[in-house]
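The block underneath contains the structure these notes are about, expressed in structure tokens.
The values are calculated or read from the model by the stated rules, or taken from the named source; none is laboratory data. This one's a predicted model, so the numbers in the text were calculated from it and none came from an experiment. Positions of Cβ are backbone-derived with ideal geometry, glycine not excepted, and every protein chain shown enters the neighbour counts. Protein only, heavy atoms only, side chains kept; ligands, DNA and RNA dropped before computing areas. Shrake-Rupley method; radii C 1.70, N 1.55, O 1.52, S 1.80 Å.
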Amino acid sequence: MKQILPAIFALFLAQPGAADGMRMAVTTSFDNSGLSDVLLPVIREDTGIDVQLLVVGTGQALRLGEAGDVDAVLVHSRAAEEAFVAAGHGTHRREIMYNDFVLIGPADDPASIADAQTAAEALLRIAAAQAAFVSRGDDSGTHKAELNIWTDAGLDTETFGAWYRPVGAGMGAALNTASAMQAYVVSDRASWLNFGNTDGLAMLFSGDPALFNQYAYLPVNPAKNAAIKHQEATALEAWLTSPRAADLINGYTINGETLFVFNASPE
Amino acid sequence: MACRFCFWVFLSRFRLVFFVKKLNLCLSGSKGKCGTFMFELIEGLKAAFRLVITFDPELWEISLRSLRVTLTALLIASLIAMPLGTYLAVQRFRYRRFVIAIINALMGLPPVVVGLIVYILLSRSGPFGVFNLLFTPTAMIIAQVVIITPLIASIAHQAMRELWAEYHDLLISLNTTKTQRIRTLIWDGRRNLLTAALAGFGRAIGEVGAIMIVGGNIDNVTRVLTTAIALETGKGDFALALGLGFVLIGIAVVVNIAIHALSRTEREGRW
Amino acid sequence: MSGMFPLTLNQVVVRRRGKVVIGPVDLTVDQGGPLIVMGPNGSGKTTLLRVMHGVERINAGAINWAQEHPEKHAFVFQSPIIMRRSVFENLAYPLRLLRRPKNEISDAVNHWITRIGLENKGATSASRLSGGERQKLALARALIRKPDVLFLDEPCANLDGRATREIEALLQETAAAGTRLIMSTHDMGQARRLAQEIVFMLGGKVHETGDAQVAFTQPKTAEFAAFQRGDIVT
Ligand SMILES: Nc1ncnc2c1ncn2[C@@H]1O[C@H](COP(=O)(O)OP(=O)(O)OP(=O)(O)O)[C@@H](O)[C@H]1O
Ligand SMILES: [Mg+2]
């Protein structure tokens, strides 16, 4: 035993060492879409950059950038992004692409939102019916988008009763919860299409421009600390806004449906 | 008595037949007839089986990383906790009760809180930022060490207290130094300490909250079994998540059996 | 021989849970042959031996050795303490603590294993030994450092006649080699065979001391006389 145990340990012990490659904090919805699995290998091939994704909520992604723990941030919450740049945490904000949010609910649609004219009207009907509604409640981009539509509808979520349920969780977990409770929920289209546990849920409303979801890329200010890989972050930005990226992003489909629309403006 | 036994056998037969029928329905893939719960479990088992028999390279990598991180953390935590637990059993000092109370309280610390504290310390804007350890396996090891050291120390302390009561008179009589006492207790109580280590291993290998925060669940870098399970659950892929869960259980069982087997061969051979 | 003796106990009191266990005890122990401590159950024999050895805390009084040589003491406890190790390692332990060279240790251990008749059991776990074998193992482990003073707390309590004689022979040999034996026993026969001096304990106090021959033929106190006859004394 005296000889065997250390040998076994030696075999398994982790080799310490800092990670190489650049780090980018992205939102759960971006990663859940599956687009990253398509883009990252091509980025490595074209630029030689090994991009390591930290998949978190928008709030946490911006916090990581603020602390200088990541080199760039790819999120979708315009106001928060602009505040981030204004505070000097990021060098600038570059729009890359957009997808859209959709309204998911029980297939039998108890609040009849399917024939609503606008997203705000759909939410008004849910509130009027007091139908169960799951909110991300985690300060994520999706959560903020949802709150904006409530505001458009002239309603204040603070005043809602027990039918409005903020779960404080990621998109997948919120969809799981909605599925279990047969509740309405706002999701990004990609997460919804990739979601496995769709039991009894259906996509009921989409297409309102108010539901468009703009993704932007923000390189973290290299003045924060010496470890930030600004060169790589700049190279990645160039790639993300290139025609090659446009082809891959526009060509990415799930079940034949396009998810993202590339809209980066050339420099 | 006999009759009650008959009845029990009858009942279990009945249950078994029922279960097998249900299993067949599930295996034939009809979700509605066997209920969501059973369906997910069966799908999970199938996924685990598929992953293991195909030697899925990603699964191997993730599993190996889980083992590496946890075994390293276990080694470090044991080196701290076992002498500490033994020292607390052997030595009476003024704040001994206080230290024991602190250790027992730390055992109940939520791993997420440990993760947050380690994150703040290792963040580039934190005090140890210059080492650039955040989102590396090393950071996960640090968090796991913090989580399991109190657990191992507490169990070790319990075991060592009993052994010390047994050995007390002899070791005092032989005029041993404090270090000699601690070393003797650790060596002669090694089987109990192994139990403590296995408890620590179990806690560490199954931990997700802290390592998610400090490791970041980065693909190919810091993704381990538990964070992968959390990820797949988030995506709603329950079958894959459960499959990974079964693999995790399998690894824990294999490690436990292997270590017990090692300690048994030693028992037969040396004493 | 180190000049450890005389040992003096001066008004020694041991109290536990508010009760006086022994004391006050005044006693002087000088160089000499085997000293046998006698007395009924609960009279304080074990406590007295432990106090002399220094493993029992005292609440009043003082113990003084002419010279302190703790490494020259050894103690065989009333219920032998067997380490969770092999027979060989149990015997080797006191020498390992002193960092003696390996070959010296194995020589000494092999000598004692043979001496106590366990030569085939060196590798077995000591926890598998019989009560008598454990007692002999504990004694050999106490002797392996060649102590100048050896305390024995009823070393033959669980042994049959033959094993008792074996141990007595070993003890006589040890005493002849210059080790001072301080031993408690219930067995009057054993006391008569071994004792040069006696201490008779009663109710936590030293009731009678003196030369063994004298004490056995002309006891000073009625209680010791009664104890020798096998009567109940309190
Ligand atoms: N730690 C303690 N707490 C309370 N009582 C104690 C303690 N230690 C000893 N005693 C008591 O003191 C008395 C003397 O104990 P001791 O073991 O010295 O007797 P003894 O003469 O060796 O008896 P025996 O012949 O049965 O071995 C006993 O009544 C015992 O119960
Ligand atoms: Mg006694």
Open item on the list: Could you check the range B:190-209 and list, in sequence order, the residues that are crowded, with 18+ Cβ neighbours inside 10 Å and not in a helix (DSSP H, G or I)?
Closed with: B:207, B:208
Open item on the list: Taking the conditions exactly as written (over 30 Å from residue A:226 (Cβ atoms), more than 13 Å from chain C (Cβ to nearest Cβ) and within 27 Å of the chain's Cα centre (by Cα)), does residue B:116 satisfy them or not?
Closed with: no
TODO: Kindly provide the set of residues from the range C:23-47 that are more than 7 Å from ligand 1 (Cβ to nearest atom) and under 12 Å from residue C:205 (Cβ atoms), ordered by number.
DONE: C:23, C:24, C:25, C:26, C:27
Open item on the list: Being of a type outside the set (Asp, Glu) and exposed (fewer than 13 other Cβ atoms within 10 Å of the Cβ) narrows it down to one residue among C:123, C:92; which is it?
Closed with: C:123
- [ ] Select, from B:214, B:221, the only residue that is within 11 Å of another protein chain (Cβ to nearest Cβ), touching a strand residue (DSSP E or B) at 6+ places or on another chain (Cβ under 7 Å) and aliphatic (A, V, I, L, M).
- [x] B:221
Task: Pairs, first under 18 Å from residue C:38 (Cβ atoms) and polar (S, T, N, Q) in the range C:165-192, second outside any helix (DSSP H, G or I) and modelled with pLDDT of 90 or more, C-beta under 7 Å, six or more apart - done: C:184/C:37; C:184/C:153; C:184/C:154; C:185/C:36; C:185/C:38; C:185/C:154
Open item on the list: Residue pairs, Cβ under 9 Å, 6 or more apart or interchain, first in the range C:34-61 and within 14 Å of another protein chain (Cβ to nearest Cβ), second near ligand 2 (Cβ under 9 Å from one of its atoms) and acidic (Asp, Glu). List them.
Closed with: C:46/C:153; C:46/C:154; C:49/C:153; C:50/C:153
Task: Every residue from the range A:212-230 that is open to solvent by 10 Å² or more (accessible area, probe 1.4 Å), of a type in the set (A, V, I, L, M, F, W, C) and either modelled with pLDDT of 95 or more or not in a loop (DSSP other than H, G, I, E, B) (or both) - done: A:212
- [ ] Being aromatic (Phe, Trp, Tyr) and away from chain B (no Cβ under 14 Å) is the filter; apply it to the range A:141-192 and report the residue that is nearest to residue A:61 (Cα to Cα).
- [x] A:150
Open item on the list: Would you confirm, using the coordinates I've provided, whether residue A:192 is part of a helix (DSSP H, G or I), within 28 Å of residue A:121 (Cα to Cα) and among the aromatic types (Phe, Trp, Tyr)?
Closed with: yes
- [ ] Return only the number of the condition from (1) farther than 24 Å from residue B:226 by Cβ; (2) of a type in the set (A, V, I, L, M, F, W, C); (3) open to solvent by 80 Å² or more (accessible area, probe 1.4 Å) that residue B:99 does not satisfy.
- [x] (3)
Open item on the list: Against the condition free of Cβ contacts under 8 Å to residues at least 12 places away in the same chain, open to solvent by 60 Å² or more (accessible area, probe 1.4 Å) and either within 16 Å of ligand 2 (Cβ to nearest atom) or more than 23 Å from residue C:162 (Cα to Cα) (or both), how does residue C:71 come out, does it pass?
Closed with: no
- [ ] From the list B:159, B:165, pick out the single residue that is open to solvent by 10 Å² or more (accessible area, probe 1.4 Å), farther than 25 Å from residue B:75 by Cβ and among the aliphatic types (A, V, I, L, M).
- [x] B:165
- [ ] Tell me, yes or no, whether the range A:81-97 has at least one residue that is in contact with a strand residue (DSSP E or B) (Cβ under 7 Å, 6 or more places away or on another chain), over 22 Å from residue A:265 (Cβ atoms) and in a loop (DSSP other than H, G, I, E, B).
- [x] yes
Task: Positions within the range B:168-189 being crowded, with 16+ Cβ neighbours inside 10 Å and assigned to a helix (DSSP H, G or I), in sequence order - done: B:169, B:170, B:171, B:172, B:173, B:181, B:182, B:184, B:185, B:186, B:188
Task: Breaking point among (1) more than 16 Å from ligand 1 (Cβ to nearest atom); (2) more than 14 Å from chain B (Cβ to nearest Cβ); (3) farther than 25 Å from residue B:183 by Cα, for residue C:68 - done: (2)
Open item on the list: Cβ contacts < 9 Å: first residue within 13 Å of another protein chain (Cβ to nearest Cβ) and within 13 Å of residue A:74 (Cα to Cα), restricted to the range A:34-53; second residue of a type in the set (Val, Ile, Thr) and open to solvent by less than 20 Å² (accessible area, probe 1.4 Å), any location; separation 6+ or different chain. Result?
Closed with: A:36/A:26; A:36/A:51; A:51/A:43; A:52/A:70; A:52/B:218; A:52/B:222; A:53/A:26; A:53/B:218
Open item on the list: For the list (1) open to solvent by 30 Å² or more (accessible area, probe 1.4 Å); (2) in contact with a Ser or Thr (Cβ under 9 Å, 6 or more places away or on another chain); (3) not β-branched (Val, Ile, Thr), I need the number of the one condition that residue C:86 fails.
Closed with: (1)
Task: Residues (in contact (Cβ under 8 Å) with a residue 12 or more places away in the chain and open to solvent by 20 Å² or more (accessible area, probe 1.4 Å)) located in the range B:210-238 - done: B:212, B:213, B:220, B:221, B:223, B:229, B:230, B:231, B:232, B:238
Open item on the list: Looking only at the range B:122-144, count every residue that is part of a helix (DSSP H, G or I) and either among the hydroxyl-bearing types (Ser, Thr, Tyr) or away from every other protein chain (no Cβ under 12 Å) (or both) and tell me the total.
Closed with: 2
Open item on the list: It is to be established whether one or more residues within the range C:175-196 are away from ligand 2 (no atom under 16 Å from the Cβ) and acidic (Asp, Glu).
Closed with: no
Open item on the list: Checking the structure you have, find out if any residue of the range A:120-133 is in a loop (DSSP other than H, G, I, E, B) and surrounded by fewer than 17 Cβ atoms within 10 Å (Cβ to Cβ).
Closed with: yes
TODO: Determine whether the range C:41-62 contains at least one residue that is away from ligand 2 (no atom under 16 Å from the Cβ) and surrounded by 22 or more Cβ atoms within 10 Å (Cβ to Cβ).
DONE: no
Task: Condition met for residue C:6 (away from ligand 2 (no atom under 16 Å from the Cβ), more than 25 Å from residue C:69 (Cβ to Cβ) and not small (Gly, Ala, Ser)) - done: no
Open item on the list: For the range A:98-113, check the following and say yes or no: at least one residue is at pLDDT below 95, under 30 Å from residue A:21 (Cα atoms) and part of a strand (DSSP E or B).
Closed with: yes
TODO: Search the range B:206-238 for residues being over 20 Å from residue B:135 (Cβ atoms) and in contact with a Ser or Thr (Cβ under 9 Å, 6 or more places away or on another chain), and hand back the single one that is modelled with the lowest pLDDT.
DONE: B:236
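To keep it simple, each residue is scored yes or no on (1) part of a helix (DSSP H, G or I); (2) within 22 Å of residue C:55 (Cα to Cα); (3) more than 16 Å from ligand 1 (Cβ to nearest atom).
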{"site": "C:157", "(1), (2), (3)": "no, yes, no"}
{"site": "C:178", "(1), (2), (3)": "no, no, yes"}
{"site": "C:191", "(1), (2), (3)": "yes, no, no"}
{"site": "C:208", "(1), (2), (3)": "no, no, no"}
{"site": "C:213", "(1), (2), (3)": "yes, no, yes"}
{"site": "C:226", "(1), (2), (3)": "yes, no, yes"}
